[in-house]
Amino acid sequence: MLLNVGILLGIYIGVRLLEGKQLKNKKQVKPAPIYPVKSIVKEKVQTQSLLEDITSYYPEKKHDHYLKISIASIGLAAIGKLSPPLGLLSVGTISYASLPILRQAEKSLVTEGKIGHDMLVSILTLLAFFTGQVFALSIGILFYHISKKVLAKTQDHSKKVLTHLFEQQPHKVWILKDKIEIEVPLEAVQVNDIVVVGTGEFVPIDGIIIDGMARIDQHTLTGESKLLEKGVGESVFASTSVISGQIKVKVEKTGIDTTISKIGDMLNRTADFKTTLQSKGEKWADKIVIPLLGISTFGFPIVGLVGITAILNSSFGNRIRLTAPLGVLNHLNLAAHKGILVKDGRSLECLNKVDTILFDKTGTLTDEQPEVGQIIVCDDYNENELLTYAATAEGRLKHPIAKAILKKANEFNLTLPEIEDSQYQIGLGITVFIENKIVRVGSLRFMKTHSIPLPDVIEKAITHSHNNGHSLIMVAINEQIKGAIEIQPSVRPEVKQIISDLRQRGIKHIAIVSGDHKQPTEKLAKHLGMDSYYYEVMPENKAQIVEQLQNDGKVVCFVGDGINDAIAIKKANVSISLKGATSIATDLAQVILMDGSLSRLCELFDIGKSLEANLQNTLKILLVPVILDIGGAFFLGFNMMNAVIINQTGLIFALGNTKVTHISKQGN
């Protein structure tokens with residue numbers, strides 16, 4: 001028996017020394033690493049230790065390798081008693097198949113300084129060899145590698161589904177070809193192309209500014225909220241945003257690199273994250289180690305070494321590490337098949353705690369595309385001229401009001417002149433220079449900030465429009481208001497039923513947060529049966545509303561689609577956007593409803609509740625074998641094989657519980 005233990009330790013020490021030597025040689029010749037964009041802004045890059053490198057996650061072919069060795073070890077263990085040479089060979093193969101377990105135990109002890117579940121399994125492996133329970137050990141190790149294989153396969157499938165869904169998002173950019181701006185997919189952008197980035201847009205690539213000037217927000221890279229003025233010759237980086245101005249950027253890194261980076265980042269947050277319950281389960285599995293060792297020590301005179309192997313084998317650490325991620329991945333797959341892209345898996349878990357939902361009004365509760373109503377004109381401009389200036393100013397913006405104005409201009413077959421320069425103020429309006437004229441298009445507040453007087457005809461139109469729940473977009477030329485465009489929102493047909501269904505799911509407070517005036521916001525809130533509404537809210541104040549509710553103990557979900565929602569989206573506990581929204585909103589939001597509507601919102605909450613219930617049931621199922629193993633060791637003379645059978649039976653039931661094919665409605 002001692003020979004078996006010696007073979008195990010000899011193989012492990014020999015392999016570890018060989019790997020350490022190979023890794024050391026590899027590091028000596030390793031080329032300089034190429035770090036991602038963040039390293040350009042001098043973000044610290046932490047290097048892995050030698051032990052972390054060796055104990056890193058195994059790719060799928062590694063799982064296949066150890067799985068084959070495990071299968072071979074069972075056959076050898078079965079016939080090992082008939083032939084001593086084959087018996088020694090079976091010990092060698094089992095020892096080799098045990099290497100990942102021993103590595104993890106070493107990592108836990110050396111880097112984390114704790115005796116956790118993996119150390120318990122390593123002790124169990126040594127005892128199994130010492131007591132001659134080689135066959136039972138080989139079966140246990142086989143199931144360990146089967147679990148790893150199943151988890152890897154499920155993760156791979158989930159990543160493919162999520163990647164496919166992610167790539168359905170609109171990722172279009174404007175590039176300059178022969179002095180003409182054309183819109184192309186981000187993937188089509190090549191090095192040395194000239195990309196045009198306007199106000200309110202994300203910089204999609206890394207490059208050098210060759211024309212123009214802009215105020216850039218780089219907080220996604222540096223964490224600093226300070227805006228930077230950048231001009232010709234300066235570098236800009238992917239995922240930063242243009243707050244005002246327009247720049248032409250010569251591409252240094254292609255758009256496809258940015259896409260891959262985003263997908264990788266998304267998948268790290270989604271398919272590989274640990275739920276709170278899984279983390280708790282793993283902590284319990286680690287905390288139970290000392291009690292199990294204590295029970296084994298005091299129970300030794302009663303159960304002996306063989307009984308101790310049954311007690312130690314009762315720990316559920318490996319089983320929770322398999323079943324909890326599978327439950328999460330299966331729910332993420334279901335969400336993806338329903339057209340719900342969950343970019344941050346933690347949000348799916350947090351949905352169960354949400355008690356407050358804030359909806360942006362325009363483009364979220366109202367139809368994505370509002371309509372232009374009447375066009376009010378003043379003085380010497382007619383409707384077509386006023387609409388031409390407004391459409392030209394709004395031409396590069398992506399919010400629903402801009403799209404409505406452009407649609408109306410297209411219906412009238414209007415020709416839009418070139419913009420000489422632009423400055424966008426989020427939540428207020430835009431200033432452009434057209435044909436040597438200063439054109440301002442935006443809200444009444446925007447006009448007041450520039451001290452532009454309001455004509456009597458516009459004041460009357462404001463009163464009339466507000467009474468009807470409509471909004472007016474002012475158009476000023478050379479610091480004089482020359483007219484206004486009425487915007488008529490159209491409430492999404494699904495919203496009223498969704499509000500009712502959300503209340504059945506336990507949402508206590510539902511409100512509108514809008515930059516619009518009181519009358520249209522109040523009218524819509526009453527129509528939909530909202531609990532409250534916030535009007536004339538600036539973008540930074542949207543975030544303050546979220547923060548205030550959080551300070552009051554609320555868990556807030558924010559649903560929005562515009563540039564002016566970005567700060568609130570970042571602040572909320574859970575953030576949701578719609579496909580077709582502005583790139584800032586869809587990039588920052590944790591969840592995207594890919595059909596571009598709110599129709600799947602309640603199903604998203606149902607999936608979150610189902611995940612919580614699924615994980616709770618899984619944990620209960622896994623606790624049953626613990627009780628049976630310990631009780632059986634003391635009262636029924638259980639050995640390791642008995643414990644393995646009970647554990648794997650429990651695992652099968654737990655795996656069956658993780659499967660989810662549909663979600664029932666979760667009302668109160």
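The values are calculated or read from the model by the stated rules, or taken from the named source; none is laboratory data. Values in this document were obtained by computation on a predicted structure and should not be read as measured data. Cβ placement follows ideal geometry from the backbone for every residue including glycine, while neighbour counts extend to all protein chains displayed.
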As an exercise: evaluate Ser465 against (1) farther than 21 Å from Lys408 by Cα; (2) surrounded by 14 or more Cβ atoms within 10 Å (Cβ to Cβ) and give the number of the one condition it does not meet. (1)
Mind listing whichever residues of the stretch 387-408 are crowded, with 21+ Cβ neighbours inside 10 Å and among the charged types (D, E, K, R)? Glu394, Arg396, Lys398
Would you say Ser235 is closer than 30 Å to Val432 by Cα, outside the structural domain of Ala105 (by TED's automatic domain parsing), at pLDDT 70 or above and touching a Lys or Arg at 6+ places or on another chain (Cβ under 9 Å)? no
Between Leu142, Leu124, Leu151, which is part of a helix (DSSP H, G or I) and modelled with pLDDT under 80? Leu151
Out of Arg505, Arg492, report the one residue that is under 17 Å from Pro370 (Cα atoms) and either under 29 Å from the mean Cα position of the chain (by Cα) or modelled with pLDDT under 90 (or both). Arg492
Given the structure, is Ile507 touching a residue at least 40 places away in the same chain (Cβ under 8 Å), in contact with a helix residue (DSSP H, G or I) (Cβ under 6 Å, 6 or more places away or on another chain) and within 29 Å of Val546 (Cβ to Cβ)? no
One residue from Ile627, Ile621 being closer than 27 Å to Gly132 by Cα and either part of a helix (DSSP H, G or I) or touching a helix residue (DSSP H, G or I) at 6+ places or on another chain (Cβ under 6 Å) (or both): Ile627
Hits in the stretch 418-436 (condition: more than 26 Å from Ser451 (Cβ to Cβ) and at pLDDT 85 or above): none
Give the stretch 154-183 a look and list any residue that's aliphatic (A, V, I, L, M) and at pLDDT 85 or above, or say none. Ile175, Leu176, Ile182
Please count how many residues of the stretch 589-613 are within 17 Å of Arg346 (Cα to Cα), of a type in the set (S, T, N, Q) and in contact with a strand residue (DSSP E or B) (Cβ under 8 Å, 6 or more places away or on another chain). 1
Restricting to the stretch 288-341, give me the number of residues that are in contact with a helix residue (DSSP H, G or I) (Cβ under 7 Å, 6 or more places away or on another chain) and free of Cβ contacts under 8 Å to residues at least 24 places away in the same chain. 2
Any residue at all in the stretch 193-210 that's among the polar types (S, T, N, Q), part of a helix (DSSP H, G or I) and either at pLDDT below 70 or buried (at least 21 other Cβ atoms within 10 Å of the Cβ) (or both)? no
Taking the stretch 448-459, which residues are under 14 Å from Ile485 (Cα atoms) and in contact with a strand residue (DSSP E or B) (Cβ under 8 Å, 6 or more places away or on another chain)? Val457, Ile458
Quick one: how many residues across the stretch 435-457 are assigned to a strand (DSSP E or B) and within 41 Å of the chain's Cα centre (by Cα)? 4
Residues that are without any contact (Cβ under 8 Å) to a residue 60 or more places away in the chain, under 22 Å from Ser465 (Cα atoms) and of a type in the set (Asp, Glu), drawn from the stretch 511-546: Glu522
Out of Ile592, Ile645, Ile607, Ile630, sole residue that is surrounded by fewer than 19 Cβ atoms within 10 Å (Cβ to Cβ) and among the aliphatic types (A, V, I, L, M): Ile645
